[in-house]
Amino acid sequence: MNRFAFPRIMRSPFFLLIAALVLTSCTGAGSATTDDLRSDLRSAISLASETDLFISQIESSRLLPKFRTADADYLREEARRQAADARKSAGKSSDAKTFNLCAGQLEQLARELASIRTPSDKGTLAQARLQVATIRKTLLAAEAGQ
Amino acid sequence: MKKLLGITLGIMTALGGFVDLGQIVFTTQAGALFGCKLLWAILLGAVGIILYMEMCGRVAVVAREPVFAVVRTRLGDRLGLVTLIASNLLNLITCAAEIGGLAILLHLLTGWPERAVLIGSCLALAALIYLCSFQWIERTFGLSGLLMIVFAVSAAALHPDWRQLIAGLNPAPAASGRHALLLYAYFAVGIFSAMLMEYEVHFYSSGAIEEDWKVKDLGENFMVAALGSILGSLLTVALMMLGAILFMPRQIFPQLLSTAVMAGAFPFSDKALVIALIGAMACIGGAAIETALSGAYNVCQFFNFGWGKYRPARDVPVFTAGWLGMLALALIIAVTGVRPLTLVNISIVFGMVVMPLTYYPILRTGADRNVMGKHVNSKVISVLGAIFLVLITGAAAAAIPLMILTHGGQP
């Protein structure tokens, strides 16, 4: 047996299929595609809607104070992470403007979440909810433009 | 009467311990994306887990052979060892995810710093395993997990569309477009895999030996496997319904555990949220213990070392070091800051890939009249078992390609 030959498992069709899929998925890693943009926008819209739902639960007094702070922080962290990803993609895409718009809206969302993480008056909550609705509308418009 | 009480307690424990982090997140996400159209995958998974669990329990009782002793005998040393390594890596990833999830829930409930909570809860789990008997561990977490019923009450209170739910039993793809179809297939495989997480079955099979079940207890084995899984599956359906009712119309794809748990108490007061948090903590904490113990069981059963919670820790040093090592390694992974939901995605996909390697030996042993005598698989179980072997193998082959093509299930 040729000791430099590939082991049998590496010559199996299943292994070759997996290897091909991994390589195919890696080739796109260098540039951000339209699909990536659509996926980023959908995630951002989802997060804005999640925030809206979260605020509605606070308004109905259905959340514990500790839960409210911790969940606002998790949502904010997620918004920041997605914004950073979108900014990174903007540098690798021909559609940098929309990626940057998405990142900007997510950063705005993170700021709104910071303003409601601790008990605040009803006016602050209503204001934040309005802002979140605007963010969502902007993102939906950007998605529709794709 | 005592027997009936034992069976009821067993069923309740199985129900409470049925759901874990993977099911909470994956099923809610599937509901958010496809409504109740993947209900058939839950049904399929429920039949699969009943079949697999009942066979494992029966083989453990009749042949006195736990899963990894069977794996070594049927697959041989080399392939058996590959299966052991793959299963334990899977247990480790799942354990890390569950510990991370537990820390998030504790942080949401108490506000204590997440990292301190992570380390503290891991130490508390280790102390519980060390100090409590198998039965106490199983029943404490299983019965506390019953608080998850608040998710089902919540789903019912939100007025679900029952006709749409029943329409979900039709497995015809309910999506159009290449990406949507791939996502549909990915979540179908994911739900099937999350229902069949093999650590639950290994834990159950080892438990049958830990609790010294006899042939006369085979009826109880069937009842616990069947009714516990059916009721647990109803809880899974409730998670999907919550995703469909709360998240789908709002275009939310829940990527945070907090959002999924909040859904469990959505129409009710903050007290219901506490119940949902504690219920989820019990399920996830129980799953962390089961994965750690499963890792130790697997190694000891494969290499024929002494094992068992019923024996003093000093008498079974490899077993004790095994579960301690699993918890310690899982903690290290969780402390690095990897997102528990990312780990759960990986564990669900790779769980499906490994599944045929443990399912097949159990199916063969269950069908072996020389080993099982009159308790050999019935014709119905043999046919169903063969059908599920094909399904599991197909899902195992599709799992990784689907994960790559959908970028880990991203809509």
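Just so it is clear, none of the values below were taken in a lab; they were calculated from the coordinates. Just so it is clear, the model here is predicted, and its values are computed rather than measured. Here Cβ is always computed from backbone atoms with ideal geometry, including for glycine, and neighbour counts include all displayed protein chains.
Here are the numbers for the structure shown:
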read-out	value
Spherically averaged projected area of the stretch A:68-130 from its Cα convex hull (nm²)	4.1 nm²
Extension gain from B:Asp368 to B:Val318, taking 0.36 nm per residue of separation minus the Cα-Cα distance	14.9 nm
Residues whose placed amide H lies under 5 Å from that of A:Lys92, excluding near-sequence neighbours	A:Ala32
Cα centroid of the stretch B:53-115 to Cα centroid of the stretch B:322-379, whole Å	5 Å
Distance (nanometres) between label positions extended 7 Å along Cα→Cβ at B:Ser133 and B:Ala328	2.9 nm
Relative contact order %, chain B, counting alpha carbon pairs below 8 Å whose residues are six or more apart	36 percent
Proxy reagent accessibility, fewest Cβ within 10 Å first, across B:Val353, B:Val390, B:Val261	B:Val390, B:Val353, B:Val261
Dipole in debye (nearest 20) - the protein assembly as shown, about Cα centre, beta carbon charges: Lys, Arg +1; Asp, Glu -1	620 debye
Net charge contributed by nearby residues that have their C-beta within less than 12 Å of B:Met53 (K/R +1, D/E -1)	-2
Formal net charge of residues neighbouring B:Leu128 (Cβ-Cβ distance under 13 Å; K, R +1; D, E -1)	0
Cα gyration tensor shape of the stretch B:57-183, rounded if a/c is under 1.5, else prolate or oblate by comparing a/b with b/c	oblate
Cβ-Cβ FRET estimate between B:Val335 and A:Glu59, R0 fixed at 35 Å, reported to 0.05	0.45
From phi via Karplus (6.51, -1.76, 1.60), per-residue ³J(HN,Hα) for the stretch B:253-269 in Hz, x at Gly/Pro	10, x, 10, 10, 4, 4, 5, 5, 6, 4, 4, x, 10, 3, x, 10, 7
Positive-end extreme of charge dipole, the stretch A:34-144 - chosen from A:Asn100, A:Ser43, A:Gly123 (charges on Cβ)	A:Gly123
Per-residue average of Cβ from other chains inside 10 Å of B:247-259	6
Eligible lysines near A:Lys97 by straight Cα distance, threshold 29 Å, same-chain separation 8 or greater	A:Lys88, A:Lys137
Karplus-derived 3J(HN,Hα), 6.51/-1.76/1.60, for each residue of the stretch A:129-137, Hz, glycine and proline x	5, 5, 4, 5, 5, 5, 4, 4, 5
Virtual spin-label span in nm between B:Leu234 and B:Trp162, 7 Å along Cα→Cβ	1.3 nm
Whole-Å semi-axes of the ellipsoid equivalent to the protein assembly as shown (Cα gyration tensor, √5λ, descending)	39, 28, 22
Given chain B, longest segment not containing exposed loop trypsin sites (Lys or Arg not before Pro) (DSSP; at most 14 other Cβ within 10 Å)	B:215-411
Residues in the stretch B:167-188 reached by a label modelled at A:Thr33 [backbone nitrogen below 16 Å; 7 Å Cα→Cβ]	B:177-183
Net charge contributed by nearby residues that have their C-beta within less than 12 Å of B:Met262 (K/R +1, D/E -1)	-1
Linear extension gain, B:Leu89 paired with B:Arg115, 0.36 nm per residue minus alpha-carbon span	7.0 nm
Computed lengthening from B:Lys216 to B:Asp77, 0.36 nm per intervening residue step minus Cα-Cα distance	46.8 nm
